[in-house]
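In what follows, a structure is listed as structure tokens, so that the remarks can point back to it.
Nothing in this text is a laboratory measurement; each read-out follows from the coordinates by a stated rule. Nothing here was measured: the structure is a model prediction, and the numbers come from that model. As a convention, Cβ positions derive from the backbone with ideal geometry for all residues, glycine included, and neighbour counts pool all protein chains shown.
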Amino acid sequence: MNDFSFDASIVDSKLKELKDKFLNRPSTSRRDELSLLFSCIDNTTLDSKDSDTSVAQFCRTTLAYAAALPHHLSVAAVCLYPKYISLAKSILGADSAIKVASVVGGFPAGQLPLELKLAETGYAVRSGADEVDLVVDRGFILSGHFDRLFDEVAAVKKACGSAVALKVILETGELSSLEQIYHAAITAIDAGADFIKTSTGKIPVGATHSAAFVMLSAIAHYYKKYGKMVGFKAAGGISDIDDALFYLFIAQSFLDTKTVSNQFFRIGTSRLTAQLFNFLSS
């Protein structure tokens, strides 16, 4: 961690530099830029009022977007509660380019014992989830028990198996320092995370540019040291297209531009999808 400064003022300064570069970036096709962003969306429904009817309609709408766009451009995934995985798979189809992701781990608080987190993960895997978004116990991070965080993530990754991608939600809005965010990110990656994710979107402070900067610093550091690339997912309150594009730009500043696709970058949102579709279909 010695190659990264945790001084908040330095991070703010670097983010300001990035924002200036973003605002003055070379002119490119707006359609190409937004097509890439659209393809990186995890289209999300995590509402207490979700039902079989509403989730089925959500999945059909997601499919309709792809059918209506050139080259059948689609979002990367739908993200929903475990009980709806089978329903989503049946509507999207087994060979769909749209993956099915499910939250696990006692979403959104993460306050389940490990055996129940593993049981929920097992249910998601058996139901056909392609990806799981694990909400970790933030108490481990806040109390400095990163060994327990490691054990939790490693156990859930083992339960996922090699075929199911694991996204680890750090809930950065509840962490008290940039150091905690960085250390949690490194620990999650070391334990086998395929993605690290900012937020559940269920607390007042969701994704922030500074959290993204720190998490992407951890990803870049880990890749440089060990040659392992993991993905980054920004989620929590992202509803503005240009703000979403800035998260993409931050990722591009840390990672090889060629790697910034939905394999290594996601935006979790329930609001941007329709906005982007309306632009791309016009």
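Here are a few things to note about the model shown:
- Peptides 242-252, 262-272, 12-22, 128-138, ordered by how many other C-beta atoms sit within 10 Å of their residues on average, highest first, read 128-138, 262-272, 242-252, 12-22.
- Counting charges near K202 (Lys, Arg +1; Asp, Glu -1) among other residues having Cβ under 11 Å from its Cβ returns a value of -3.
- Evaluated with a Cβ-only charge set (Lys, Arg +1; Asp, Glu -1), the range 9-56 carries a dipole of roughly 400 debye about its Cα centre, given to the nearest 20.
- Length released on extending from S210 to E17, taking residue separation times 0.36 nm less the Cα-Cα span: 68.2 nm
- Shape category assigned to the range 119-184 from the gyration tensor of Cα positions, a/c cut at 1.5: prolate
- Pairs of Cα atoms farther than 19 Å apart, the range 30-80, %: 30
- Residue-averaged 222 nm ellipticity for the chain, from DSSP H runs of 4+ at -39500 (n - 2.57), nearest 500: -15500 deg cm²/dmol
- The orientation-averaged shadow of the Cα convex hull for the range 166-266, equal to a quarter of the hull surface, comes to 5.8 nm².
- At 1.306 mPa s and 10 °C, Stokes diffusion of the chain via Kirkwood alpha-carbon radius, µm² per second: 84
- R0 of 30 Å, Cβ-Cβ distance K258-K83: FRET efficiency to nearest 0.05: 0.20
- Stretchable slack from A163 to S90, in nm (0.36 nm times residue separation minus alpha-carbon distance): 24.4 nm
- Global form of the range 1-133, assessed from the alpha-carbon gyration tensor, a/c cut-off 1.5: oblate
- Listing L69, L116 from fewest to most neighbouring C-beta atoms within 10 Å gives L116, L69.
- Separation of the range 72-127 and the range 135-172, taken as the distance between their Cα centroids, equals 16 angstrom.
- Given charges at beta-carbon only (K, R positive; D, E negative), |dipole| of the range 14-151 in Debye: 460
- Label zone at R60 (point 7 Å along Cα-to-Cβ), backbone N below 13 Å, the range 82-104: 91-92
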